[in-house]
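Where a number appears in this text, it was derived from the coordinates with a stated rule and is not lab data. Keep in mind that this is a model prediction, so the values were computed, not measured. For neighbour counting, all protein chains shown are included, and Cβ atoms are generated from backbone atoms with ideal geometry for every residue, glycine included.
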Amino acid sequence: MFAGIDIGGTSIKYGVTTKDGTILFQDSIPTEPEKGPEHMVSRLQKLIHDISDAFPELLSFGVGFPSVVNPTDGCIYYPPNLPGWGIVPLVQLLQSATTLPVAIDNDANAAALAEAKLGAGKNASHFLYVTLGTGVGGGIIVNHSIFHGERGGAGEIGHIIIRADDEPGDELPYRTGTLEHHIGRYGLIRMAKEIAKNHSNSLIHSYSNLDVEDVSHCADEGDEAAIACMKQAGTLLGLGLATILAVLDMRVIVIGGGISQSSSLFYDATLSTLKARALPTIAQLAEIRKAHFSYNAGLVGAAMLGRLRTGI
């Protein structure tokens, strides 16, 4: 048995899987990012203790973390959606809580690994994994393995600049005009509200705490503002994908994360934009697949990271 911990912007999912990725147990707790790194590290150490006590046959722990993770030094670097974090030796801190092997990688890399070994990408030697949630992340699979880059930062597709004329706001300059800024969870909600200003009868106005799934539902119900939002978000993603695929020379994209469950309008706009704007050698064969593991790709992938450390 192998334990996986998937750290997201709003929740920390954790569980135990078999060698083939079957989930034996899973649960979640709120991320509570506002309480800072020491609080989260303490909670993760307690999770490790609790899971170890509940599953004495456990062989390893794997963690997917929403930031650049250097596989050489085991440190996480400046997670963009976790305020107060800088460079933290997370492998060392978590390894102190257990005698079992602990492996950490970027959360999108972990999810990409699950899809590469057991999911929608298992028959593709090269593909780009895209995770759409609080943030926008990516994992690059080359010859069935994660490509990390020089220091573990490869695949950060959410930071592709798609609108260079955006004015810097409250965000850090490197996030201005990026794909994540526009179609991450908060960006997509912001987009929907802005579009709805020109549609006084839009269903979007009826939600006091609007979320992405509400926008998607409104689009499927025929709401003009929501439809426009889904199409615009898909177009922006398609532009970003055309850019990264040109660099990577890839043709298969696997999309996961919470927003991946959005209306088909979103996918249709993404694929049509990709085929219109990608290089002809890529556009002809470009294919978008929905992730097999959906919400659980990060958890299963994290468990597999630990499993790789055991050599089993």
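Of the DSSP beta bridges with both residues in segment 122-291, give the percent that are antiparallel, rounding to the nearest 5.
55 percent
Regarding the chain, what are the three Cα extents along the principal axes, ordered largest first, in Å?
Extents along the principal axes: 58, 45, 35 Å.
Restricting to Cα pairs below 8 Å that are 6+ residues apart, what does the relative contact order work out to for segment 122-291? Please round to a whole percent.
22 percent
Rg (Å, one decimal) plus Dmax (Å, integer) for the alpha carbons of segment 122-291?
Radius of gyration, then largest Cα-Cα span, for segment 122-291: 16.1, 51 Å.
Which one, S200, S260, S145, has the greatest fluctuation when you compute a Gaussian network model over the chain with C-alpha springs under 10 angstrom?
S200
Taking the simple approach of a point 7 Å from Cα along Cα-to-Cβ for both S206 and V41, what is their distance in nm?
The two pseudo-label positions are separated by 4.8 nm.
Within a Cβ distance under 15 Å of A97, other residues only, what is the Lys/Arg minus Asp/Glu net charge?
Working: positive: R43, K46; negative: E38, D50, D53.
Its environment carries a net charge of -1.
Hey, if you put +1 on the Cβ of every Lys and Arg and -1 on every Asp and Glu Cβ in segment 122-291, which of N201, H182, L285 ends up farthest toward the positive end of that dipole?
The listed residue farthest towards the positive side: L285.
How long is the gain from Y186 to A276 if the chain were fully straight, where each residue apart is worth 0.36 nm and the alpha carbon distance is subtracted? Mind dumping the intermediate values first?
On the way: separation 90, 0.36 × 90 = 32.40 nm, distance 2.73 nm.
This chain segment gains 29.7 nm when fully extended.
In nm, to one decimal, how far is the modelled label at E32 from the one at R151, with both set 7 Å along Cα→Cβ?
3.2 nm
What aspartates and glutamates could a cross-link reach from K290, if we take a straight Cα to Cα line under 18 Å and drop same-chain neighbours fewer than 8 places away?
The qualifying aspartates and glutamates are D107, E115, E213, D268.
Suppose every Lys and Arg Cβ carries +1 and every Asp and Glu Cβ carries -1, with no other charges. What dipole size does segment 125-214 come out with about its Cα centre, to the nearest 20 debye?
Values: 7 positive and 12 negative charges, 25 e Å.
I would put it at about 120 debye.
Which whole-number percent is the relative contact order of segment 58-136 (Cα, under 8 Å, 6+ apart)? Please report the intermediate quantities before stating the final value.
Numbers: 104 pairs, mean separation 23.2, N = 79.
Reported as a whole number, the value is 29 percent.
Compute, for the chain, the length of the dipole vector about the Cα centre, with Cβ point charges of +1 (Lys, Arg) and -1 (Asp, Glu) only. Units Debye, rounded to 20.
700 debye
With a bin width of 5 angstrom, please list the P(r) values of segment 218-258 as percents of all Cα-Cα pairs, from the 0 bin to the one holding the largest distance.
Reading the bins upward from 0: 5, 20, 19, 21, 16, 9, 7, 2.
Quick one: work out the % antiparallel among DSSP beta bridges in the chain, nearest 5.
60 percent
So for the chain, averaging the separation of alpha carbon pairs under 8 Å that are six or more residues apart and normalising by length, what relative contact order in percent results?
22 percent
Set the Förster radius R0 to 51 Å, insert the Cβ-Cβ distance between Q92 and E224 as r into 1/(1 + (r/R0)^6), and round the FRET efficiency to 0.05. Walk me through the intermediate numbers first.
Numbers: r = 53 Å, r/R0 = 1.04.
Plugging the Cβ-Cβ distance into 1/(1 + (r/R0)^6) gives 0.45.
Counting Lys +1, Arg +1, Asp -1, Glu -1, what net charge surrounds A192 among other residues with beta carbon under 15 Å of its beta carbon?
Details: positive: R185, R190, K193, K197, K231; negative: E194, D211, E213, D214, D220, E221, D223, E224.
Net charge in that neighbourhood comes out at -3.
How would you classify segment 29-183 from its alpha-carbon gyration tensor, with a ≥ b ≥ c the square roots of the eigenvalues: rounded for a/c under 1.5, else prolate if a/b is greater than b/c, otherwise oblate? Kindly include the intermediate steps, with their values, before the conclusion.
Values: a/c = 2.14, a/b = 1.27, b/c = 1.68.
Verdict is oblate for segment 29-183.
Distance in nm between label sites at S264 and N143, each 7 Å beyond Cα in the beta-carbon direction?
Going by the 7 Å Cα→Cβ label model, 4.0 nm.
Kyte-Doolittle mean at least -0.5 and Cα extent at least 18 Å along the axis: which DSSP H helices of the chain qualify?
37-54, 224-248, 264-277, 297-310
Could you tell me which of rounded, prolate or oblate describes segment 38-122, using a ≥ b ≥ c as the square roots of the eigenvalues of the alpha-carbon gyration tensor, with rounded for a/c under 1.5 and, failing that, prolate when a/b is larger than b/c and oblate otherwise?
oblate
List the lysines whose Cα lies under 20 Å from the Cα of K19, skipping any in the same chain that are fewer than 8 positions away.
K117, K122
Segment 236-312: Rg/Rh from Cα coordinates, Kirkwood Rh? Don't jump to the answer; show the numbers that get you there.
Values: Rg = 14.9 Å, Rh = 13.8 Å.
Taking Rg over the Kirkwood Rh, I get 1.08.
Can you list the lysines whose alpha carbon is less than 17 Å from that of K46, not counting same-chain residues fewer than 8 positions off?
Excluding near neighbours in sequence, the set is K13, K35.
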